[in-house]
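Okay, so here's the structure we're looking at.
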Amino acid sequence: MSCNRSGPLFGAWLFLVGSLLVLCALERQLHAMVVEPNGFQVPVPVSAAEIGFAANFTPPSVVTLTALFQVRGESIDWLQDAQTKPSVFSPTCGFSVEFVEHGGACHVDFGWYNVDPNRTGPPADNQIYTVISGMNPPMGPPWLPWHPGVGETGQIFTTDTIRSDPRYKGGLIGFALRGDVNQDCKQTHFSEQELNPICSDGACAATKGPWAAAVIWQSTVTPNGYYIGFEDLPFGSSSTGKTAAGVLDFGAIPGQSLRSDGDFNDFVYFISGLTCEGGGTPCDTGMPGICSAGLNECVTGTTLTCRPSLKAAPEVCDGLDNDCNGMVDDHATCPVNQVCDRGVCLPLCGTSEFPCNSGYTCQNGLCVERACLNVTCPAGKVCNAGICSGACDGIICPGSQVCRLGRCADPCDGVTCVGDRVCEGGVCVEQCKCGGCAAGKACDASGRCLDPGCANKTCDAGQICKAGACVDSCAGAVCPRGQACAAGACADAPSGPGASGTAGLGGVTTTGAAGFGAAGFGAAGATGQAGAGSPGVDGGTPPHETITPGNGCRCDAGGSSGTGWLALALVALVTGCRRRR
C-alpha cells in the first residue's frame, strides 16, 4: 500500500497527531498539580541526606513516596497525581485510618474536625478530635523518625462509624495534623488548604494565598481510599522563593530556622471508608432527550456520577426524544391511518362532507383539534384542549412510585446495590445508619430514611406509613390514563374494549377516525362516527405501524465522509492519553 505524503489526508493526519500530542501533554500537566503560593510545585523529591539518614536505622527505612506507593501496589505518580481536593469527606460505616509513613522527627496527633461552611478561620484546638495519637506509645517504635518504614505496619484506627461520636455534628469532616507548642512542629496543618497559614510577603506577595500543608492522592487499589501526606514543620508568612543555599523556600518563621522542606512524607495516612456528599441529587447527564435528566450517584470515593433516570427507548409520538438521538418523534409509531404531528397521533382527514369529528378541523391533511391550531408547546409538552401539558402533569403516584413519561413506576425496579448501600429514587446511596437522614426523617432498619414514626413500623399489604400511621397507599393517588391504583401501585388497567372514538396515550386525548382505549383500538368508523374499540390481547399494546415517508414524519441524517478513519485515530490517541484512569 502506498501513501501520498503530499495529499490533503496526509496533511490532516499530521495536524491531528501534532494537535493530540500537545493535548496529551497539556492534560498530563493539568491533570493534578499542587502549586504553593510562591509558585513551586510540590511535593519535591526527598533529599539524599534524608534518605541516607533513614538508611542508618535498623531495619533500614525507605522514606520516598515512590517506594511507599510501589510496596502498596498503587499506580500513583507522587508528583503528577498529587491534589488538594477532595479536602473534606463524609465518613461511612467502614471508616478507618492507617499510619503508613513517618518521615519526620515530630510526634503530633492526627485528628478530624467538623466542617463548618460558615467558619471564617481554622477550628480551635479543642475542636480537633484525635484519631491517632502522636505520643502513644510515647517516643517509642513505631514513632521514631522514619518509622513505620515502607511496608511496616503502622498504627490503625478503626470504628464502625464516626457518626456515633457525640461530637460529630453531621455533614462533612476534615483532617488535621495538630501542632504541639513543645515541639518543633508548632503549627496545626489542615486538609483544607484555606485553613492553613498564609504567605503574604516576599515571593508570595502577588498571590497572598494559603500554603498547601497537605497533599492528597486517590488510591488506585481501594475505590474509596485516599492517602494524605502532611508537612509537619511550620510554614511562614514570608518566602524568598529559594534559600541562600539554592533550595526551595516554604516560608520563613521569625526567630526560627526550621521550616517545611516540601517533600510531604513527614506523616502519611491511608484513609478508607469515605464517600461523597450529594448522592441522590438531580443532575444533567449531558445526553440529549429523555436521557438528560439524572441523579447523582457516589461510585468511587468522592466521585459523583450522573446516572440517567430514564434509558433510551424506541421512539413514540409524545413530543419527546425517547431514543436520545437529538431528534424528537423521528420514526415515531402511530396507529394505522394516523400520523405523528407535534407529539400527538392525528388521523388523516376523510373525504366526506365532514372530514373530521366535532371539535377538529382538517389542516394539512390531518384532523387537528381546533383549540390547538395556533398553539405552540415547548419541548416535552403537547397541546390538549388548547393547553400545553406534559405526560406527568397532574399525576400523583402512590408510595415510592414516580411518574416518568406518563407512567407510574418504581425507579428502583431492576437496580441492585452492593455493600452498605440501598436504592433510593433509582440510585444507590449509603444506608442511613451510615449516612444519616435529613431533618424530619428517621432511619429505618431497611437502611432507608422514612417519615418520623414510620421507622421500623410494619403496615398491612396495600398500606403505607405516613406520619406514623398506616393509610391506604392508593388514597389521593392520581394514576395516568390507562393505569389504575391497586395494592399501593399504579398498574396497567385490565384489557377491555377500546374507548369508542377516543385515543389516550400518556395522558393526552385526541379524537379521530380510529378509536382505541387502554388495551386495544378499533378500525376506522364511518364518516363522523367513532370506531368501536376491540379488546387487546392479554393487556398488550395495540398494533402500530412505523411512520414512513409515505404516511408520517421522518428526519433524515446525512451520510459519512471518507475521513472516518481520522475520527477513529482521534479516539485511539485520546484513549492513550487517559491510560492511567
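Considering (1) crowded, with 20+ Cβ neighbours inside 10 Å; (2) in contact (Cβ under 8 Å) with a residue 40 or more places away in the chain, the lone condition that residue 405 does not fulfil carries the number (1). What number of residues within the stretch 197-243 are over 30 Å from residue 154 (Cβ atoms), part of a strand (DSSP E or B) and among the small types (Gly, Ala, Ser)? Count: 3.
Take the conditions (1) out of contact with any helix residue (DSSP H, G or I) (no Cβ under 9 Å at 6 or more places or on another chain); (2) in contact (Cβ under 8 Å) with a residue 60 or more places away in the chain; residue 263 misses just one of them, which is (1). Restricting attention to the stretch 476-490 and to residues that are surrounded by fewer than 17 Cβ atoms within 10 Å (Cβ to Cβ) and in a strand (DSSP E or B), the residue that is modelled with the highest pLDDT turns out to be 478.
Listed by first and then second residue, the pairs linking a residue in the stretch 153-172 that is over 13 Å from residue 130 (Cα atoms) to a residue that is in a loop (DSSP other than H, G, I, E, B) and at pLDDT 85 or above, with Cβ atoms under 7 Å apart and 6 or more places separating them unless they lie on different chains, are 171/115; 172/88; 172/115.
A single member of 416, 361 is among the hydroxyl-bearing types (Ser, Thr, Tyr), farther than 28 Å from residue 478 by Cα and modelled with pLDDT under 85, and it is 416. Each residue in the stretch 214-247 was checked for being aliphatic (A, V, I, L, M), within 18 Å of residue 64 (Cα to Cα) and touching a residue at least 60 places away in the same chain (Cβ under 8 Å), and 4 of them qualify. Of all residues in the stretch 388-404, those being over 13 Å from residue 342 (Cα atoms), outside any loop (DSSP other than H, G, I, E, B) and among the hydrophobic types (A, V, I, L, M, F, W, C) number 3.
For the stretch 103-119, a residue qualifies if it is among the aliphatic types (A, V, I, L, M), closer than 18 Å to residue 63 by Cβ and either modelled with pLDDT of 90 or more or surrounded by 23 or more Cβ atoms within 10 Å (Cβ to Cβ) (or both), and exactly one does: 108. The residues of the stretch 430-444 that are in a loop (DSSP other than H, G, I, E, B) and over 27 Å from residue 486 (Cβ atoms), listed by number, are 431, 436, 437, 438, 439, 440, 441.
For (1) part of a loop (DSSP other than H, G, I, E, B); (2) modelled with pLDDT of 85 or more; (3) touching a Lys or Arg at 6+ places or on another chain (Cβ under 6 Å), each residue gets a yes or a no:
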residue: 255; (1), (2), (3): yes, no, no
residue: 258; (1), (2), (3): yes, no, no
residue: 264; (1), (2), (3): yes, yes, no
residue: 268; (1), (2), (3): no, yes, no
residue: 271; (1), (2), (3): no, yes, no
residue: 279; (1), (2), (3): yes, no, no
residue: 297; (1), (2), (3): no, no, yes
residue: 306; (1), (2), (3): no, yes, no
residue: 312; (1), (2), (3): yes, yes, no
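Taken over the stretch 408-429, the criterion of being part of a strand (DSSP E or B), charged (D, E, K, R) and touching a residue at least 60 places away in the same chain (Cβ under 8 Å) is satisfied by 424 alone. Pairs linking a residue in the stretch 39-55 that is in contact (Cβ under 8 Å) with a residue 24 or more places away in the chain and on the phi > 0 side of the Ramachandran plot to a residue that is surrounded by fewer than 17 Cβ atoms within 10 Å (Cβ to Cβ) and among the β-branched types (Val, Ile, Thr), with Cβ atoms under 9 Å and 6 or more positions apart or on different chains, are 39/207.
This table checks each residue for (1) under 29 Å from the mean Cα position of the chain (by Cα); (2) polar (S, T, N, Q); (3) closer than 26 Å to residue 40 by Cβ; (4) modelled with pLDDT of 85 or more.
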| site | (1), (2), (3), (4) |
| --- | --- |
| 131 | no, no, no, yes |
| 159 | yes, yes, no, no |
| 177 | no, no, yes, yes |
| 205 | no, no, yes, yes |
| 217 | yes, no, yes, yes |
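For the stretch 56-100, the set of residues classified as small (Gly, Ala, Ser) and not in a loop (DSSP other than H, G, I, E, B) consists of 67, 90, 94, 96, listed by residue number.
Screening 457, 466 for residues that are of a type in the set (D, E, K, R) and either in contact with a Lys or Arg (Cβ under 7 Å, 6 or more places away or on another chain) or at pLDDT 85 or above (or both) leaves exactly one candidate, 457.
The values are calculated or read from the model by the stated rules, or taken from the named source; none is laboratory data. Since this is a predicted model, take the numbers as computed values, not measurements. Glycine also receives a Cβ, built like all others from the backbone with ideal geometry; neighbour counts cover every protein chain displayed.
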